[in-house]
Each structure stands twice: as C-alpha cells, then as structure tokens.
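Undergrad: Before anything else, here's the structure in question.
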Amino acid sequence: MERALYGPAGFYRRELPGDHFATSAQTPAFAEAVARLADETHERLGRPEAFAVVDVGAGGGDLLAHLAGLLDERFRLVAVELRPRPEDLPERIEWRRDPPQEVEGLLIACELLDNVPCDVAVVDHDGALRYEEVDIEGATRLGDRLEAADEAWLAEWWPIAEPGERAEIGRPREAVWRNLANRLVRGSALAVDYGHVKTNRPEGGTMTGFKDGRCTDPVPDGTCDLTAHVAVDAIGSDCLERQREALLELGVRATRPPLEQAYKDPLAYATALANAGAAARLTDESGLGAHWWLRTDR
Ligand SMILES: C[S@@+](CC[C@H](N)C(=O)[O-])C[C@H]1O[C@@H](n2cnc3c(N)ncnc32)[C@H](O)[C@@H]1O
C-alpha cells in the first residue's frame, strides 16, 4: 500500500486527488466553514500574531487556495504535501513536505488518514489471526501470524474470530495522528475522514481502490488510489462528531433562496442556489455529511 500510493511510481506521485474523486476540501462552502473555525480558534487563543492554518495532505491545495480569499494576512497558510506545489497557487501559501515542528493555530487533515497504509488481518481456518498478503495483480493469500501489538489492537478495537473475517489494523493511522496532534502547541487539530466506530464496524473491512471517479479492486500497482475507512474512535480525539453536525454548528445551511429573488436579482439567486446545493452535498447524511470530524483542542 505504501509503495503503491507513495513509492516512485505511486499513485499520489502522479495523480491529483481532484482528478479522481470529489472531497469536502475541494468545495468553497467547506472552506468558508473552515475559515469560520479558524477565526473562532484565533479568537479563543486571544488573537495571537503567529497563527497558522496548516493543511496536512493538501492534495492540489484547493482548501488553502479558497482560504486565501477568506482569511486575511494575519493567518499564515501552510500546505504539507508530498506532491509538488501547484503552479497557480496564491503566493502567500507556503508549501512543504514535512509538518512544522510546532503549530499555533488550526491543523487540519482532510481524507489523509484513510490513505495512511495499514495492514489487513484475516482469521484463518484454525481461528488464528494472520496478515493478508497481496500481489501486484491483487491476488491475496494468508501471510504470517499477527504481531502481539496488532493482535492487542484488534482485541480492543475490532475483535474478529470467525474464519474468513477480515479487518484493517488502525495502529499506523493513530501513529500519524499522534505525531501531528503532538505538534499543536495551542489551537485545534482536526481530522476529517471516512470512518466507523466499534459498535458498527463494517463486515469484511473497507479496503477499496478508486480511479477516475469509480470504485475499483484494491490492486496495489500504483494505478489507483487505495483507501480504507478509519477506526475513528481508536484515534484518540477530544471530540468526535459527524461532519453534518459540525458544519451545522458552523452555520452551513442548505436552504434554497426564495424564488422571487430569481426575478429581482438572477445572479444572486443563482449563486445562493449553488451554495445551497454545495451545503446539501457537504451535509448529506448518506454522503459527505456522514464523514467524521475528530478534533483535539489545546
Ligand atoms: C485523498 S488525498 C486528500 C487531499 C485533500 N486533503 C482533499 O481532501 O481533497 C490525500 C493526500 O495526502 C497526501 N499525503 C499522504 N501522506 C502524506 C504525508 N505523510 N505527508 C504529506 N502529504 C501526504 C497525498 O499525497 C494526497 O495528496
């Protein structure tokens, strides 16, 4: 998974996320809500001079590009991304490969954790937990017995026991998030992602491929995205809620403008209608609205 996504011929070395799938962070209405959250956090910290909005796994930089039009120069805008800097990005956005050692401000990671490589565990015919191995064409077979730490993680967070049952081991995602959240000196760290909780783990796991807007088999040959939903309750955040609730709290509303406006001011009407459509997609309970917001405040 690591090589297929981030190795020399890896998917993310070549491909722009936005060319293959739509995420919340690509939407201007989402950036407006994040700008509000950044402003609230800035206020909570007493409006410090060095306040940064750090987007980890920034993809094509869409979120920060939108934020550049919403937040004034008091807000430092920083992208952390393995991909090269897009040419048309506003100059004030910093672009770096590694996260800053210390962050005062808002650190955000949208759909990063589901792309953090993880192992898949399978219960074999004797009831033992084994790693699932996969070749470059996607064929799978049973591998070694699980290491003790991975067994312990499954026992605590995603118990499986019946032969053939599968689960994704979330430890690498926790490690990535701990590493990022530990850099927060003051402010908030927010991860936004697909996920599940212990009372509702998906049977068989969620490892999926994605390419050109469609689900594919998760073949680790670098031609498709590989993603597995996040065991969000295991990550360890102060606040865990669905995107729908979080965005409603931040004032996102999918209210259609009154029809009369279409006659009085057609342009304003069209804009308001487009905004309502975007808000509806972001808060849709069976779509992006079901994503999880994992937040830690300091
Ligand atoms: C699914 S895309 C999400 C892009 C964007 N945040 C969005 O929501 O549209 C995940 C991005 O994370 C980047 N990424 C993965 N691991 C990373 C790491 N350790 N440091 C920086 N970027 C990383 C990938 O290159 C990819 O662009």
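Undergrad: Within region 87-105, does at least one residue satisfy the condition of being of a type in the set (Lys, Arg), under 30 Å from LEU67 (Cα atoms), out of contact with any Cys (no Cβ under 9 Å at 6 or more places or on another chain) and touching a residue at least 24 places away in the same chain (Cβ under 8 Å)?
TA: yes
Undergrad: Out of (1) at positive phi; (2) surrounded by 15 or more Cβ atoms within 10 Å (Cβ to Cβ); (3) of a type outside the set (Lys, Arg), the odd one out for LEU64 is which?
TA: Checking LEU64 against (1) at positive phi; (2) surrounded by 15 or more Cβ atoms within 10 Å (Cβ to Cβ); (3) of a type outside the set (Lys, Arg), the one that fails is (1).
Undergrad: Further question: Of (1) within 22 Å of THR227 (Cβ to Cβ); (2) within 14 Å of the ligand (Cβ to nearest atom); (3) among the aliphatic types (A, V, I, L, M), LEU89 satisfies all except one. Which?
TA: Result: LEU89 passes all but (1).
Undergrad: Related question: Which condition does GLY57 not pass, out of (1) free of Cβ contacts under 8 Å to residues at least 60 places away in the same chain; (2) out of contact with any strand residue (DSSP E or B) (no Cβ under 7 Å at 6 or more places or on another chain); (3) within 29 Å of ILE136 (Cβ to Cβ); (4) of a type outside the set (D, E, K, R), if it passes all the others?
TA: Going through the list (1) free of Cβ contacts under 8 Å to residues at least 60 places away in the same chain; (2) out of contact with any strand residue (DSSP E or B) (no Cβ under 7 Å at 6 or more places or on another chain); (3) within 29 Å of ILE136 (Cβ to Cβ); (4) of a type outside the set (D, E, K, R), GLY57 breaks only (2).
Undergrad: Quick one: GLY59 ticks every box in (1) of a type outside the set (Ser, Thr, Tyr); (2) crowded, with 20+ Cβ neighbours inside 10 Å; (3) more than 12 Å from the ligand (Cβ to nearest atom); (4) in a loop (DSSP other than H, G, I, E, B) bar one, so which box is it?
TA: For GLY59, the failing item is (3).
Undergrad: Where residues in region 92-112 are within 25 Å of SER237 (Cα to Cα) and surrounded by fewer than 16 Cβ atoms within 10 Å (Cβ to Cβ), which of them is farthest from the ligand (Cβ to nearest atom)?
TA: GLU102
Conditions (1) more than 20 Å from PHE51 (Cα to Cα); (2) outside the structural domain of GLY236 (by TED's automatic domain parsing); (3) of a type in the set (A, V, I, L, M), marked per residue:
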| position | (1), (2), (3) |
| --- | --- |
| ALA148 | yes, yes, yes |
| TRP157 | yes, yes, no |
| GLU174 | yes, no, no |
| GLY187 | no, no, no |
| VAL192 | yes, no, yes |
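Undergrad: Name the residue, out of GLY187, GLY205, that is in contact with a Leu (Cβ under 7 Å, 6 or more places away or on another chain) and crowded, with 17+ Cβ neighbours inside 10 Å.
TA: GLY187
Undergrad: Starting from region 151-164, take each residue that is on the phi > 0 side of the Ramachandran plot and list its partners that are surrounded by 12 or more Cβ atoms within 10 Å (Cβ to Cβ), counting only C-beta distances under 7 angstrom and pairs at least six apart or across chains.
TA: GLY164/VAL123
Undergrad: With respect to LEU273, is the statement that it is outside the structural domain of SER188 (by TED's automatic domain parsing) and of a type outside the set (Ser, Thr, Tyr) true?
TA: Yes; evaluated as a whole, the condition is true for this residue.
Undergrad: In region 101-132, which residues are within 17 Å of GLY204 (Cβ to Cβ) and touching a Ser or Thr at 6+ places or on another chain (Cβ under 9 Å)?
TA: Correct list: ASP114, VAL120, VAL122, GLU132.
Undergrad: Restricting the search to region 220-243, which residues are away from the ligand (no atom under 15 Å from the Cβ) and under 18 Å from ALA191 (Cβ atoms)?
TA: ALA231, VAL232, ASP233, ALA234, ILE235, GLY236, SER237, ASP238, CYS239, LEU240, GLU241, ARG242
The values are calculated or read from the model by the stated rules, or taken from the named source; none is laboratory data. Source: prediction; values computed, not measured. Methodologically, a virtual Cβ is constructed for each residue, glycine included, from the backbone with ideal geometry; neighbour enumeration extends over all protein chains shown.
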